[in-house]
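K.L.:
The structure under discussion is supplied below as structure tokens; questions concerning it will follow.
Taken together, the values in this text are just the output of simple stated rules run on the coordinates, not laboratory data. Not measured: the values here are computed from a predicted model. Backbone-built Cβ (ideal geometry, glycine too); neighbour counts: all protein chains shown.
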Amino acid sequence: MTYDGTLRPEDYLEPACPLCEDPFGAPPSVKSVPQRRIREKLDAYMARRDYAGAERHLLYWLEEARMGRDRRGELMIRNELVGHYRKTGEREKALEQADAALALLDAMDYGETVSAGTTCVNAATACNAFGENERALALFERARRIYEEAPGTDPALLGGLCNNMALTLAALGRYREAYALFDRAMEIMEKVPFGRLEQAITCLNRAEVLEKEQGPEESEKEIEALLEQAYALLTEGEVPDRGYYAFVLEKCAPSFDYYGWFLAAEELKALSKEYYGGGR
């Protein structure tokens, strides 16, 4: 090939090394983190209830995603951290990660995507858990609009949203709207594989709201019926993923204790420990 005096990229760019930074003058490349492997490892930590290990795991990969300019991976990891810190009761960390995840939606122009809806639900659930109910409701409403308008939204996402949004409405004293959303959550999760676990949570959430609104004596009969329904949903039928099932049992057991269903609570705790330990 005859040289015509024209400079080409190979004349002024340094050779790229897979172990080094991008060559000078080249557009920044994205080094994606292995999202599936990160989730699988996280599930393994959670199955052992190793919360410290789960946090180290997520923070390590968060830094890798940031260094690799992988915004999709960063969004996924920050969403997981929001849920992690909500479960461990770390308010400041949970809300910090929620704010960072919401900011990424704008940076990535993800405003009306299903991913944006899921991020809003995660952030809203954390806000509700730590008493920021007005902000939680605004985020839930944004997510609800996205889920209802986006084609092909997974029904499980909408069912989970209805359940959590109902709790926020109840915290704001809007009981009629809360019960309507509980009803919708039950209807949606009826058609979702293993949706009975989410239905059980809905029953227990509704019992909590009923007692708050009506008082323990006036709501006693309805609460008993809800507890019976929740117990059946938790203990009958095929068991899904062991780690998730164990987590749901552990989450639900204190409600049975609270209402005096001590034997049922002990059974759920024992099952949870067994499945966390890899039994069954």
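K.L.:
Could you check the spin-label model distance between L263 and D50? Points 7 Å from the Cα along Cα→Cβ, value in nm.
P.N.:
3.8
K.L.:
Can you list residues from other chains, or at least 5 along the same chain, whose modelled amide H is less than 5 Å from the amide H of V239?
P.N.:
The list, which skips near neighbours in sequence, is empty: none.
K.L.:
What is the gain in length, in nm to one decimal, between A270 and D154 on full extension, counting 0.36 nm per residue of separation less the C-alpha to C-alpha distance?
P.N.:
38.5 nm
K.L.:
Okay, moving on. List, in order, the whole-Hz ³J(HN,Hα) value for each residue of region 232-245 obtained from phi through the Karplus relation with A = 6.51, B = -1.76, C = 1.60 and θ = phi - 60°; use x for Gly and Pro.
P.N.:
4, 5, 7, 10, 10, x, 5, 8, x, 3, 4, x, 5, 4
K.L.:
Once you sort the root eigenvalues of the Cα gyration tensor of region 32-153 as a ≥ b ≥ c, which label holds: rounded (a/c under 1.5), prolate (a/b larger than b/c) or oblate (the other case)?
P.N.:
oblate
K.L.:
Report ³J(HN,Hα) in whole Hz for each residue of region 30-38, in order, from the Karplus equation J = 6.51 cos²θ - 1.76 cosθ + 1.60 where θ = phi - 60°; Gly and Pro get x.
P.N.:
Taking θ as phi minus 60°, the curve returns 10, 10, 6, 8, x, 4, 4, 5, 4 Hz for region 30-38.
K.L.:
Kindly identify the chain as rounded, prolate or oblate by the Cα gyration tensor criterion: order the square roots of the eigenvalues as a ≥ b ≥ c, call it rounded if a/c is under 1.5, otherwise compare a/b with b/c, prolate if a/b is larger, else oblate.
P.N.:
prolate
K.L.:
How high is the relative contact order of region 32-153, in percent, counting Cα pairs under 8 Å that sit 6 or more residues apart?
P.N.:
Computed over region 32-153, the figure is 19 percent.
K.L.:
Quick one: compute the contact order of the chain, relative version, from alpha carbon pairs under 8 angstrom and 6+ residues apart, as a percent.
P.N.:
Details: 308 pairs, mean separation 30.5, N = 280.
Reported relative contact order: 11 percent.
K.L.:
Sticking with this one: Ignoring the sites themselves, what is the longest stretch of the chain with no chymotrypsin sites (Phe, Trp or Tyr not before Pro) in a DSSP loop and at most 14 other beta-carbon atoms within 10 Å?
P.N.:
The reported range is 25-280.
K.L.:
Which of L210, L158, L263 moves most in a GNM of the chain, Cα contacts under 10 Å?
P.N.:
Checking each option, the largest mean-square fluctuation is seen for L263.
K.L.:
Whole-Hz Karplus ³J(HN,Hα) for region 189-199, in order, using 6.51 cos²θ - 1.76 cosθ + 1.60 and θ = phi - 60°, x for Gly and Pro?
P.N.:
Rounded to whole hertz, the list is 6, 4, 9, 9, x, 6, x, 4, 5, 5, 5.
K.L.:
Another one. With springs connecting C-alpha atoms under 10 Å apart, model the chain as a Gaussian network and identify which of A103, A143, A94 has the largest mean-square fluctuation.
P.N.:
Highest fluctuation of the listed residues: A103.
K.L.:
Can you give the relative contact order of region 84-232 as a percent, counting alpha carbon pairs under 8 Å and 6+ residues apart?
P.N.:
15
K.L.:
Filter the GluC sites (Glu not before Pro) in region 124-220 down to the DSSP loop ones having no more than 16 other Cβ atoms within 10 Å, then list what survives.
P.N.:
Those satisfying the criteria are E190, E217, E218.
K.L.:
Could you tell me whether region 133-280 comes out rounded, prolate or oblate from its Cα gyration tensor? Rule is a ≥ b ≥ c as square roots of the eigenvalues, rounded for a/c under 1.5, then prolate if a/b exceeds b/c, otherwise oblate.
P.N.:
Oblate.
K.L.:
For the chain, what is the mean residue ellipticity at 222 nm derived from helices alone (per DSSP H run of n ≥ 4: -39500 (n - 2.57); sum divided by total residues; nearest 500 deg cm²/dmol)?
P.N.:
Values: 13 runs with 201 residues, N = 280.
For the chain, the value works out to -23500 deg cm²/dmol.
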